[in-house]
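Some notes on the structure that comes next.
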Amino acid sequence: MKVVIGNDHGAIHLKEILKNHLLDKGHEVIDLGIKEGESVDYPIKGKEIAEYVLKHDVAFGIALCGTGIGISIACNKIKGIRAAVCSEPFSAKKAKEHNNANILCMGGRVVGDELAIMILDEYMKASFAGGRHQRRVDLISDIEAKN
Ligand code: RB5
């Protein structure tokens, strides 16, 4: 899979952990994040990751900040993005199965390395369930279109 990942200064270590995990598994990773010693406001990075997901041929995006919350809010301002903050694997699985989330968010100050990897793996193993969940995702798109 081709995956885009990005982070602010609250998730530099987490970005490296997840990026290396993906590379070890043979995936292609586009890294839009910042490195040690750098700083960026999470709305700027969230917008960049979200636009990348919509404009490029990637399977999904990963957006990371200190909590995962700020960057997810920023990502979700872009039409067509469904960004889900997940701090445990069950939500990650459901974010894909039920919400067809196209950006997975996590907090570098919230989840540990091993838990973050489990969250990512669970999301990647899951598939969108469609059916009634498609109807609900379409209702979200309706809200976007009218606001
Ligand atoms: C940056 O210090 C921090 O506010 C940010 O990473 C994030 O936690 C915001 O939601």
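Give me the Debye-computed log₁₀ of I(q)/I(0) at q = 0.10, 0.16, 0.20, 0.21 Å⁻¹ for the chain, equal point scatterers on Cα only, no solvent, two decimals.
-0.30, -0.77, -1.22, -1.34
Let me check I've understood the local charge: for residue 144, count other residues with C-beta under 14 angstrom from its C-beta, Lys and Arg +1, Asp and Glu -1. What total comes out?
Details: positive: 77, 79, 82, 136, 146; negative: 138, 142.
Residues near residue 144 contribute +3 overall.
Compute for the stretch 17-98: radius of gyration divided by Kirkwood radius, i.e. Rg/Rh, restricted to C-alpha atoms, rounded to two decimals.
On the way: Rg = 12.8 Å, Rh = 13.6 Å.
Using Cα coordinates only, the ratio equals 0.94.
Which three extents, in angstrom, do the Cα atoms of the stretch 103-147 have along their principal axes, listed largest first?
Largest first, the stretch 103-147 extends 39, 24, 11 Å along its Cα principal axes.
More than 13 angstrom separation, counting every C-alpha pair in the stretch 1-57; what % is that? Don't jump to the answer; show the numbers that get you there.
On the way: 925 of 1596 pairs.
Value for the stretch 1-57: 58 percent of Cα pairs lie more than 13 Å apart.
So for the chain, taking the charge dipole from beta-carbon charges (+1 Lys/Arg, -1 Asp/Glu), which of 83, 11, 61 sits furthest toward the positive end?
83
Give the separation of the Cα centroids, the stretch 52-80 to the stretch 117-137, in Å.
Each part's Cα centre sits 16 Å from the other's.
Defining a contact as two alpha carbons under 8 Å apart and six or more residues distant in sequence, what relative contact order in percent does the chain show?
Working: 294 pairs, mean separation 35.0, N = 147.
Worked out over the chain, it gives 24 percent.
What is the helix-to-structure angle for 42-55, meaning the angle in degrees between its Cα long axis and the longest Cα principal axis of the chain, kept from 0 to 90 and rounded to the nearest 10?
60
Compute a Gaussian network model of the chain, connecting alpha carbons closer than 10 Å, and tell me which residue from 64, 22, 120 fluctuates the most.
Maximum fluctuation in the GNM of the chain, among the listed residues, is at 22.
A short reminder: the numbers here are calculations on the coordinates, not readings from a lab. Keep in mind that what you see is a predicted model, and the values were worked out from it rather than measured. Neighbour counts are summed over all protein chains in view; Cβ atoms, including those assigned to glycine, are modelled from backbone coordinates with ideal geometry.
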